[in-house]
Every structure is written in structure tokens, then in C-alpha cells.
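Comments concern the structure below.
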Amino acid sequence: MAENKRYNFIKIFGTIIWILLGAGTVVLLIAAITKKNSRLCKAVVISISGVQNNYFIDKKDVLNLLEKMDNDKPEGRPVNSFNLSSIENTLQKNTWIKNAQVFFDNNDVLEINIREREPVARIFNVSGSSFYIDSFCTYLPLSDKFSARLPVFTNFPTAISDSSKTNNKLLAGIKNLSLFIENDPFWMAQIDQVDIAADNTFEMIPKIGNQVILFGDAEDITVKFHNLLVFYKEVGSKVGWNKYSKIDVQYKGQVVGVKRGVEDIKMDSLRARQIMQSIVANAQKLANDSVNNIQLVQPKDDNTLPPAPESTENMPGKNILSFSPPVKSDSSFVTKPVTAKAVTSKPVSQSVSSSTFKPVNKIKKLIPYHPISKSIERPIFNSLKKPVTKPPVKKPPDKTGKPKVAAPQNDY
């Protein structure tokens, strides 16, 4: 009997303990939930992984998306007000975001981890527009923040729909070919661009060498590039880079080089001649323009004597000329020529009949000589006399005993 009472007591005690433990657990959960609801977001940490840290989307773009969702900044908001799943879905709608993870850590910091899409090729279609594709052949738009250095593919057909099998196969070939070129430094430097032919095969334009590489489809990429490299080493280094106009590597186990024919040489020569003619024509045009634009300023020949001004005052005689100051003769018997110069006439003290002369305007341009301080009478041509000359000075007698030489006669 006593044992049964003891057993019942232990059973009741154990039940009570379990009930208390359960109640405590519930209380702790409720307290934790209440405390969590009362916590505030302290900060936002954004982590973006991209290609060599060149991001097509940055942290500022992510913060703008968060603010547009709730029209408020995330810092200082209650933690329970964030819908993390909705934030992830909104971020993944961005074209450049491949994957996004959003969560709060133990310090109430909002963690956002973003995996960015990595472009592998840049494509130009026949209409001229351009876009990127990633490793999943997803169309990616161009970005204003960064321009990736990738292999360039041109002449992409725009008539192909996005969901067609032909388009998917062509994009897959572009992706595989671009990845191989990008991962090899030599081919990344040698291949300038890849053209897409009408039959969806690839034709490459090298940076060194004036030829077209017929690559074919995107099958056996490694083998084709190996054969092309062997051709460069064994043939191109010996005969030159420009001997062949086409290099065909699309056939298995061989490389076909098409030599540059006479037509190609004629076309190159004609093109060179056109370039030279254009250069010569431009040079001639520039020379003609220079000759027409240059104007040589030469002084006018003024060999005639200016007309003598007539004055309101009368003087006897005919027209009057004014001369520069008389030339003095030096001791070496050299006379200087007399040059007639025009000066402004001034009134004189004599008064004669005014019917002989008529007034004229003053001469606007004067020869730069010092003016005469007082009025003088101008001589008449008939009254002009020759300048008086002095006899030449004789040299002192020579004391060395040499015979004397008679002085030349003076013609004057």
C-alpha cells in the first residue's frame, strides 16, 4: 500500500515537472517573439559578387529598390516589418541579379547577398543594336556603369524568335566560342570580331593579318584553334601573314589556305591608288586655299611728283612745287639728289590778284618730314639754279718720293 502511494507521488511529481517545463518553453518562445518584434534594424550590409569586382549593379541601386518597396529607409524600422521573401523576389526581378539572399543576423543587421550575372559575349544584330548574353544565354542590356571587354559577335539575325531552337543553338555556339576565346590570352588578343554568316556559321576577322578565318560551326572548338595555331607557326611565320586571303579550318584534320589571287591584288592596288589620289587632291586643295588666302602687302610705287597746292594768296608765275630742305654738299664732293616733297601751303604777306589761283583742299597724307617753322616763297622752275659745288680738296704731298699724280679734271 505504501509502495503504491509512493509510486503515485512520483508519477504526479514527474507530470508536474513536465507541465512546468512545457509552460516555461512556451513562455520563453513568447518572450523571444515579443523581444524580436520590438527590435529595430540597425544597419544594412550588401554583398555583391561579380566579374573581377566590375559590377553592373551597385549598392546604391539595391538601397533604392528597398526604399521604393516601403517608401522608407530600412535603418530604424522594426524587424518584423520586413518581408524578406518579398524583398528577395523583387531583387531577382532585376536583369543583372542572378540570385539574392536576404536575412537578419543576431545583431539585427539586414544582410543582403547578391550574385550578379556574368556576361560572356557582346552581340550586335543586323539592325545595329547591341546586348550581352551570360553563361545561361540570357539577354542582358547594356549598362551605363561599366562596359565589359568581351569577344564581339556581329550580324546576329533579328528575325529569329527568342524561343526558337535555331536561336538557342546559335546562342549556345556563341557562348561556347566566346568562353574559349576569353580564357585564352592569345586568341583574345588576335581575334578582333566574329561575324555570323547566313548559314549560322562563324567567320573570324583577326587583328594581325589581312584574311578571313572560316571557322564553321561551334563544334570541335579546341581542335580547330589548335590547327589554326599550327598553321600560324609553320606557314604564316615563313610566307607572311598576308599571302592568304582565306584560312579554312572547318574541315576535320586539315587547314585550307586560299592564296591571294590576282583579283585581290588588283583590288588592293586600286584601293592604294585611290588613297594616294585622295591624299594628293587634298594636299593640292589645301595649297590652293593657302595661296588664295595669302595677300602680300606691297608699298605702292609713288614715282610721280604730287601736284602743287594752289593757295588763295597770289604769287607771280606758274604752278608751284615744294621741295624738302636744301641738301648740303660735304667736303668729299658728293652731292645728294634733291627729292620733291609736298607740304601744306600757308598764306604769305604779299597780296596779289585772286584771279590767278584757285583754292584746293589740304593734302591728307604728308611725307613724314619736319615742317618749316615759317612761310616761305616757293621758287619758280625758271628761277631754279644748280647747287654750288666746291672744288675737290687736294691731298697733301707724298713725302715718300713717289711721283705725284695729277688730280682729275672737274667736269662741273
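All of the numbers you see were taken from the coordinates with simple rules; none came from a lab. No experiment lies behind these values; they were computed from the predicted model shown. Positions of Cβ are generated from backbone atoms using ideal geometry, with glycine treated the same way; all protein chains shown enter the neighbour counts.
Here T201, T222 are placed in order of increasing Cβ neighbour count within 10 Å, fewest first, which gives T222, T201. Taking every Cα-Cα distance in the stretch 119-264 and sorting them into 10 Å bins from zero, the calculated P(r) comes out as 11, 41, 32, 14, 2 percent. Taking amide hydrogens as placed 1.01 Å from N in the peptide plane, the amide H of R260 sits under 5 Å from those of Y244, S245, each at least 5 positions away in sequence or on another chain.
Among the chymotrypsin sites (Phe, Trp or Tyr not before Pro) found in the stretch 114-145, those both in a DSSP coil and sparsely packed, with 15 or fewer other Cβ atoms within 10 Å of their Cβ, are F136. Exposure proxy ranking for R122, R77, based on other Cβ atoms within 10 angstrom of each Cβ and starting from the fewest, stands as R77, R122. Working ranking of peptides 91-103, 16-28 by packing, defined as the average number of other Cβ atoms within 10 Å per residue, highest first, is 91-103, 16-28. Across the stretch 22-28, computed HN-Hα scalar couplings (Karplus, 6.51 cos²θ - 1.76 cosθ + 1.60, θ = phi - 60°) run x, 5, x, 5, 4, 4, 5 Hz from first to last residue, x flagging Gly and Pro.
Beta bridges assigned by DSSP with both partners in the stretch 119-264 are antiparallel in approximately 70 percent of cases. With 31 Å as the limit, write out which pairs from K59/K175; K93/K175; K98/K169; K175/K252; K169/K238; K145/K246 have Cα-Cα distances beyond it, or answer none. Exceeds cut-off: K169/K238; K145/K246. Normalised by 2.2 N^0.38 Å, where N is the number of residues, the alpha-carbon radius of gyration of the stretch 29-116 equals 1.14. Residues D70, D144, D105, arranged from fewest to most other Cβ atoms within 10 angstrom of their Cβ, appear as D144, D105, D70.
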